[in-house]
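Novice: One structure follows; several queries about it will come next.
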Ligand SMILES: Cc1cc2nc3c(=O)[nH]c(=O)nc-3n(C[C@H](O)[C@H](O)[C@H](O)COP(=O)(O)O)c2cc1C
């Protein structure tokens, strides 16, 4: 097991396989022990509970899953009281994904989570499915830099910024590097699908985020590019569905890898990737 260990952001991960935000449920633990994974990234949490976007919120295209969940979550109070204690039973490494529609919300979230046992924060400034505090915030480099500076001061834990391919990686990665501990690349890719019968969008929110194998080449490109711009560890995410994908992300410079929508059609994927890596090392 030792040889699969990864040191990143001052944390020891037992292996490089993490489950991506919004793509798994604690019930997966009924299929295999989630403690065998490198860690778990939670669904993005906001200060107040959110109901998310109108249905339909998931649409399967011939090139991957389109989703517009819109950060549905129970809010920070319930997360700390009810959700977190359950997650802590599953894996000691919990990375909490956070988002806010204004800077103060990011600060509140970090202040509330600092006294807990969570391992790190993934700052989601790349959700394609919300009107405020998502991808648009990630593009507003002045606000983002301000948030990053303040979070650096406030946070007692590593800060990992989750970016999208629509961000200007050349600009944003060097800008955030002095205030960050790492990056996750990439979030789902803004996309849409049309129903030709009705001539209307397939998603209730009109647009959504595409994930799955079709975005892997885009994610590899983003990691490769970011790697040249920062010395910080990078988590690769996007289209991982088999062992070779993990090795490709590691080859372009990722320290860790997140598995997202593959959990839906193949719930044992996390377990199989860890086992595959172990065999690969022998
Ligand atoms: C149904 C669904 C919900 C998601 N929810 C979140 C979320 O709350 N926060 C976040 O940062 N990313 C979210 N994502 C994006 C994933 O974490 C991941 O970045 C993206 O799906 C690309 O990885 P994949 O191709 O392996 O799925 C979601 C993705 C899906 C499919």
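Novice: Using just the alpha carbons, could you tell me how many Å³ per residue the convex hull of the chain encloses?
Specialist: 119 Å³
Novice: Can you give me the convex hull volume of the Cα atoms of segment 108-148, divided per residue and expressed in Å³?
Specialist: 82 Å³
Novice: Hey, any idea what the orientation-averaged projected area of the convex hull of segment 1-127's Cα atoms comes to, in nm²?
Specialist: 9.3 nm²
Novice: Something else now. What FRET efficiency, computed as 1/(1 + (r/R0)^6) with R0 = 30 Å and r the Cβ-Cβ distance, is obtained for residue 143 and residue 58, rounded to the nearest 0.05? Don't skip to the answer; put the middle values down first.
Specialist: Working: r = 30 Å, r/R0 = 1.01.
Result of the calculation: an efficiency of 0.50.
Novice: OK, next. Most fluctuating residue of 44, 198, 116 in a GNM of the chain with Cα springs under 10 Å: which is it?
Specialist: 198
Novice: Also: With the cut-off at 1.5 for a/c, could you classify segment 36-104 from its C-alpha gyration tensor as rounded, prolate or oblate?
Specialist: oblate
Novice: Students often check this: by mean Cβ neighbours within 10 Å, which of 24-35, 146-157, 230-241, 90-101 ranks highest, and how do the rest follow?
Specialist: So the order, starting with the most tightly packed, is 230-241, 90-101, 146-157, 24-35.
Novice: Now a separate question. Using only the alpha-carbon atoms of segment 1-54, report the extent along each of the three principal axes, biggest first, to the nearest angstrom.
Specialist: 45, 29, 14
Novice: Now for a separate question. Take the chain, connect every pair of alpha-carbon atoms lying under 10 Å apart with a spring to form a Gaussian network, then pick out the residue of 189, 83, 65 with the largest mean-square fluctuation.
Specialist: The residue with the greatest mean-square fluctuation here is 83.
Novice: With no solvent and one point per C-alpha, what does the Debye sum give as log10 I(q)/I(0) for segment 139-282 at q = 0.09, 0.18 Å⁻¹?
Specialist: -0.34, -1.05
Novice: Something else: Suppose we look only past 13 Å in the calculated P(r) of segment 68-119. What percent of the Cα-Cα pairs does that tail hold? Can you show the working numbers first?
Specialist: Values: 817 of 1326 pairs.
Tail of the P(r) past 13 Å holds 62 percent of the pairs.
Novice: Where in segment 75-114 does the label zone of residue 51 land, with the point 7 angstrom along Cα→C-beta and an amide N cut-off under 17 Å?
Specialist: Output list for this probe position: 75.
Novice: Next up: Show me, bin by bin at 10 Å from 0, the whole-percent P(r) of segment 119-202 based on Cα pairs.
Specialist: With 10 Å bins starting at 0, P(r) equals 17, 46, 22, 9, 5, 0.
Novice: Further, regarding this structure: For segment 212-267, what value does the Rg/Rh ratio take when both radii are computed over Cα atoms and Rh is the Kirkwood radius, given to two decimals?
Specialist: On the Cα set of segment 212-267, Rg over Rh gives 0.98.
Taken together, the values in this text are just the output of simple stated rules run on the coordinates, not laboratory data. Everything numeric here is computed off the predicted structure, so don't read it as measured data. We place every Cβ from the backbone using ideal geometry, glycine too, and count neighbours over all the protein chains shown.
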